[in-house]
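These notes concern the structure reproduced below.
The values are calculated or read from the model by the stated rules, or taken from the named source; none is laboratory data. Bear in mind the structure is a predicted one, so any value in this text is a computation, not a measurement. All Cβ positions, glycine included, derive from the backbone under ideal geometry; neighbour counts span all protein chains shown. Only protein heavy atoms, including side chains, enter the accessible area calculation; ligands, DNA and RNA are left aside. Shrake-Rupley method; radii C 1.70, N 1.55, O 1.52, S 1.80 Å.
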Amino acid sequence: HQTQSCWVRATSILAGQDTIAQLQQRIPALEGAKSKKSEAAPARQAPPTTLLSIPVTGHYYTTKDPNQRYAINRKPVTHTFEKSWDQLFKVLGVRLESANSFASLKRTLEARLAEEITRDLQTQNTESVYGTSCAIKSDLFDSILRTLHSRGLITQRPFPRDAHVKRPYWILTPAGAKHFALLQAIS
């Protein structure tokens with residue numbers, strides 16, 4: 001059994017060490033470039049955790065006999081809701097699974113808030129409460145949609161050709177669909 005011995009020139013070893021040193025010097029520069037790239041890329045953020053104040057105005061009717069619903073007892077209602085962004089997103093998410101208009105989404109939230117007002121009013125009244133309606137200011141609702149958009153949860157779609165109003169429609173993004181599914185799974 002014979003062993004072979006090899007000779008290597010000293011200049012080859014030094015050249016290899018120089019290459020290793022050059023590569024080690026590039027590591028911090030590459031790591032810095034990676035962190036700058038991740039800082040520049042807009043991160044998808046979760047909805048804010050603060051509560052949003054939503055003032056609404058509307059009206060409701062009361063009657064002593066639920067079978068006799070006459071609109072003679074119309075009463076005004078004002079209320080301010082304190083809602084989390086997840087609560088709002090959960091209400092709107094059902095409609096955002098397919099593209100929907102600003103007006104349709106706004107009516108969805110207003111209808112949900114009107115249901116809550118009806119429940120509250122019913123506990124305070126001896127008469128039956130019905131016909132509760134409420135309205136949110138359009139600029140506030142636009143801010144809600146834009147906040148959800150800035151968080152990467154919803155995005156705009158061009159309006160359909162047969163749409164009456166030529167405003168963009170809104171739909172869930174993949175991140176929004178994932179967040180909405182998580183909210184649905186929790187409850």
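Taking every alpha-carbon pair under 8 Å whose residues sit at least 6 apart, the stretch 85-187 reaches a relative contact order of 34 percent. Length gained on full extension, Gln22 to Arg119: 27.7 nm, using 0.36 nm per residue less the C-alpha separation.
With every protein chain kept in the model, how would you rank His179, His79 by accessible area, 1.4 Å probe, largest at the top?
His79, His179
Applying the criteria of a DSSP loop state and at most 14 other Cβ atoms within 10 Å to the trypsin sites (Lys or Arg not before Pro) of the stretch 101-187 yields Lys137, Arg161, Lys166. For Asp86, the accessible area of its heavy atoms, probed at 1.4 Å with every protein chain present, is near 60 square angstrom. Computed over the stretch 92-148, the P(r) tail beyond 13 angstrom holds 64 percent of alpha carbon pairs. Taking 7 Å steps out from each Cα toward its Cβ at Ala177 and Ser138 produces label points 3.1 nm apart.
Top to bottom by accessible area (1.4 Å), largest first, where do His59, His149 land?
On the way: His59 40, His149 80 Å².
Descending order: His149, His59.
With r defined as the distance between the Cβ atoms of Glu127 and Ser53 and R0 fixed at 30 Å, what FRET efficiency is calculated, to the nearest 0.05?
Working: r = 29 Å, r/R0 = 0.98.
After rounding to 0.05, the efficiency reads 0.55.
Remark: relative contact order (the stretch 59-145) = 39 percent; criterion is Cα-Cα distance under 8 angstrom and separation of 6 or more residues.
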